[in-house]
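Data first, discussion second: the structure below is written as structure tokens.
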Amino acid sequence: MIERVYAGKADDWAEGEQRAVTVGEDSVVVIRYEGQFYALKNLCTHQAVPLLGGEVADGKIACEKHGGKFELSTGKARALPAVKPVKLYQVTLEGGSVLVGVL
Ligand code: FES
């Protein structure tokens, strides 16, 4: 079983900030959006480009390559050319720490 990975103190995260952490063998993009934390596999399902750094708006992150969008809360593809969902990870807050693990 994969341990949860520490992604910093919640208080140190700015609104809209993104960071990549490694969970098992996967890169995961962690995003603070409207005060909540979300974690998605850091790989667009269209052509395997990292999602880190993509614009976040309206509850979705956009892939910088072709503009595919993924819903932060579900991982579902919400804009073409992305059609397959991206894997979600679990984010928990414990003692002010942000921890990321497998759902
Ligand atoms: S690689 Fe992400 S939309 Fe094409």
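The modelled label-to-label distance for the pair residue 36/residue 83, using points 7 Å beyond Cα in the direction of Cβ, is 2.8 nm.
Placing +1 on the Cβ of every Lys and Arg and -1 on the Cβ of every Asp and Glu, with no other charges, gives the chain a dipole of roughly 440 debye about its Cα centre.
Under 8 Å for C-alpha pairs, at least 6 residues apart: give me the relative contact order for the chain, rounded to a whole percent. Rounded, it is 27 percent for the chain. Length gained on full extension, residue 14 to residue 57, computed as 0.36 nm times the residue gap minus the Cα-Cα distance: 14.0 nm. Taking other C-beta atoms within 10 Å as the exposure proxy, 41, 69, 87 rank 87, 41, 69 from fewest upward. Can you find, among 50, 37, 6, the residue sitting farthest towards the positive end of the charge dipole of the chain, where Lys and Arg contribute +1 and Asp and Glu -1 at Cβ? In the chain, that residue is 50. Ranked for footprinting exposure by Cβ neighbours inside 10 Å, fewest first, 3, 71 give 3, 71. For the pairs 41/84; 41/76; 41/65; 9/87, flag any whose C-alpha to C-alpha distance is greater than 22 Å. Among 41/84; 41/76; 41/65; 9/87, the Cα-Cα distance tops 22 Å for 9/87. Of 91, 86, 49, the sequence from fewest to most neighbouring Cβ atoms within 10 angstrom is 49, 91, 86. Taken along its three principal axes, the alpha carbon spread of the chain comes to 40, 30, 18 Å, from the longest extent down to the shortest.
Read-outs throughout are calculated quantities, based only on the coordinates presented, and are distinct from any laboratory measurement. None of these values were measured; they are calculated from a predicted model. Virtual Cβ from ideal backbone geometry, glycine too; neighbours counted across all protein chains shown.
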